[in-house]
Amino acid sequence: MERRSGETFGDNDKLINRRDYLKVLGTSAVAAGAVGAASGTAAAEYTTVTVGAGEMKSYRVGSGETLENLLIDVTAEDADLHIKAEGDDWVIRNIGIRGQFSNGEESGVGYVFRFDGNGLIENVYMGDGFEWGISSKGAMLSGPEHAGHVTLRNMYIAGWSDNAIYAAGSGRTTGPGTTDGQGGNYTFENCYFRDNNISHLRLAADGTVVRDCVFHNTNNVRPEMNTSAGDSDVVNSRGIYTGYGDPSQVITVDNCDFNIIGENTCNSDNWDYSVCGASVAQSTTHSTYGDCSTVRFENSRINGNTYGDFVEVASSTETGSDAPNIRVPAGVPTTPEEAANGTASSTDSTTDSTTSTTDSTTDSTTDEATGGSVLSITGVDGQVTNYEFTVTGSLQKSEDNNATIDSGDVISGSSATGAVAGGTDSYIFNGDFTAFTLDGDATVTVDGDEVVPADIVVEDTTTTTEPRILSIAGERGAGVAKYELTVAEDITKSDANDATIDNGDDVSGATAEGAVAGGTDSYEIVGEIVDFSLDGEATVTVDGTEINPDNFDSTSSNNVISLSGGSPSNTVTYEFTVTGDITKSEANGGSINPDDEISGSTATGTLGGGTDSYEFSGEITDFSASDTVSVVLNDSAIDASSL
């Protein structure tokens, strides 16, 4: 079965790149720019980044840059994250991602990480995965353009519905002896993969090595909701899957452990799978690309089947139910916090806390919650009390306080409905309550303290944004003007302002793209404009007020910030971080000197009476100065405290 989004990366890459940056001075969480403590056994300081509901948080890592020591919380509904690395000698390390993603490739980024070139990814936790029943999402992607070598080690990746790591494109062939992949390869060392669908690793390029890794399923594999073949609720979990290449390209699997069989993959009570499969490895013949790459097992222990003429199992490889050593290898972080501060255990750990089968009554997330508070609702004997509540973060059923929560108690996103009649229902949740109703008598507690539901409800600020009308009016006689725009929350087509929007104008998630040639296209938008590119002549208005799309175009470095202050006897230090690229500038008389440095997307420097200027793209997410400074942003003086 092929992955639903197909094998052409050009259009998808354009969409991802244009969604990479949020608009200047927005409301996203503070970003950590770059260099922190090196990984190791000693705890390192890390920055916690909380992604808001419906927010996209993005990082881009280029040649010679390092992104590290971040704990990124995506527990809010529809919170999304995209990390892209490209170039040479880049490093991503000590990254912990907390919370299950709740938006898939149709409404957000299809893969959290995307990378190519020559680099290192190490000490990463992505074990909370992706919510059941919502589209599809993968953890990491490396496309056909990858021409270098990337090493990935000490990673915990579990619970992804559309490949844990999709990295086969670089070995893709268009026919015997020809390729449109760039041949880049990978080394995977000391990694742990659990309950990933389609494949734990999809690989094809010659010279790729998988060493000292563990792969297994525990009946918690997320289904692929809609495949290219038209199937739904599909589970087809492979340890190593090729799909591309040719037999001359060899993937070596050395000293690894696999336990992927039907019994731990396909007999879940939670989904009526229309298609279900499980295998340790698969390399057969692709209907379009021909014979696939060779997967060669050496010194490994496997329990499960292999499929295809191009899977080679050496005599040193053991098979049998007792052979694999299923554990989290030493050095692999088992929590987001361990990843962020670089304190993974130096000894192997058991998988008891992460391998329990799913309770048949669970209808939302299935892994044990990461943190959070416990809500318990205890009813009165002989009286049925119905309840309904909504939180801003994640939500899961719990057995705390002797709860007897059952299939009649239902979770949908971050809302729950149910009933108690003398017993107790409990939930683990993150965030605040935005709604809570009781129809009857019950005792409600949060972390053991009794509360009144009406007193704990706060205003839901994530859904109060009023819709606005955005219109793009083409200039008659000026030819076709093409556009693409992304908003923070929602966008739909509209006939406002005599719009003649048609089938050629497309909406996908919170992004719209189309073209005008003398006419008008209109959209109803909710949330801020986070990206807007316009190729051609057109007038853009929001609720009748003209705006400049260039102010929201993340593909160009069109923002200039100038900082002035200090004196020769009283120097002022400053530091700020942006979501995009940053370069030094001579704008507004900037006399930036060697003591002013750029590291990744962060600039630091000193002022002694002069001006320092920078050109940047994206959004300023953090700003600090040791004393008063004057700030000019895009020719407008602003208050530094607003940054």
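Remarks
- Local net charge near residue 102, Cβ-Cβ under 10 Å (Lys/Arg +1, Asp/Glu -1): -3
- Within the shell of other residues whose beta carbon sits under 9 angstrom from the beta carbon of residue 92, the net charge comes to -1, with Lys and Arg scored +1 and Asp and Glu -1.
- Over 18 Å between alpha carbons, listed pairs 57/84; 84/482; 57/137: 84/482
- Listed peptides 253-260, 158-165, 421-428, 206-213 by packing density, highest first (mean Cβ within 10 Å): 158-165, 253-260, 206-213, 421-428
- Taking a Cβ cut-off of under 9 Å around residue 125, the surrounding Lys, Arg, Asp and Glu residues balance to a net charge of -2, with basic ones at +1 and acidic ones at -1.
- Estimated vicinal HN-Hα couplings, Hz - segment 74-87 in sequence order (Karplus 6.51, -1.76, 1.60; Gly, Pro = x): 10, 6, 5, 4, 6, 5, 9, 9, 9, 10, 10, 10, 7, x
- Accessible area in the full protein assembly, largest first, 1.4 Å probe, for 113, 310: 310, 113
- Structural descriptor for segment 57-200: relative contact order 19 percent, calculated from alpha carbon pairs under 8 angstrom and at least 6 residues apart.
- For residue 305, residues with placed amide H under 5 Å, excluding near neighbours: 280
- Here the contact order of segment 464-579, divided by its residue count and restricted to Cα pairs under 8 Å and six or more residues apart, works out to 32 percent.
- Near the amide H of residue 519, within less than 5 Å, lie the amide hydrogens of 474, all on another chain or at least 5 residues away, with H placed in the peptide plane.
- FRET efficiency estimate (nearest 0.05) - Cβ-Cβ, residue 209 to residue 48, R0 41 angstrom: 0.75
- Scalar couplings 3J(HN,Hα) for segment 200-215, obtained by applying the Karplus form with A = 6.51, B = -1.76, C = 1.60 to θ = phi - 60°, are 6, 9, 10, 9, 8, 7, 4, x, 6, 10, 10, 9, 6, 10, 10, 10 Hz; x denotes Gly and Pro.
- Ranked by how many other beta carbons lie within 10 Å on average, peptides 574-585, 49-60 from highest: 49-60, 574-585
- Computed FRET value (nearest 0.05) for residue 432 with residue 298, which takes r as the C-beta separation and R₀ as 56 Å: 0.60
- Model label sites at residue 498 and residue 446, defined 7 Å from Cα along the beta-carbon direction, differ in position by 5.3 nm.
The values are calculated or read from the model by the stated rules, or taken from the named source; none is laboratory data. Quantities reported herein were computed from a predicted structural model and do not represent experimental measurements. Quick reminder, even Gly has a Cβ in these numbers, built from the backbone with ideal geometry, and neighbours come from all protein chains shown. For accessibility, only protein heavy atoms count, side chains too; no ligands or nucleic acids. Shrake-Rupley method; radii C 1.70, N 1.55, O 1.52, S 1.80 Å.
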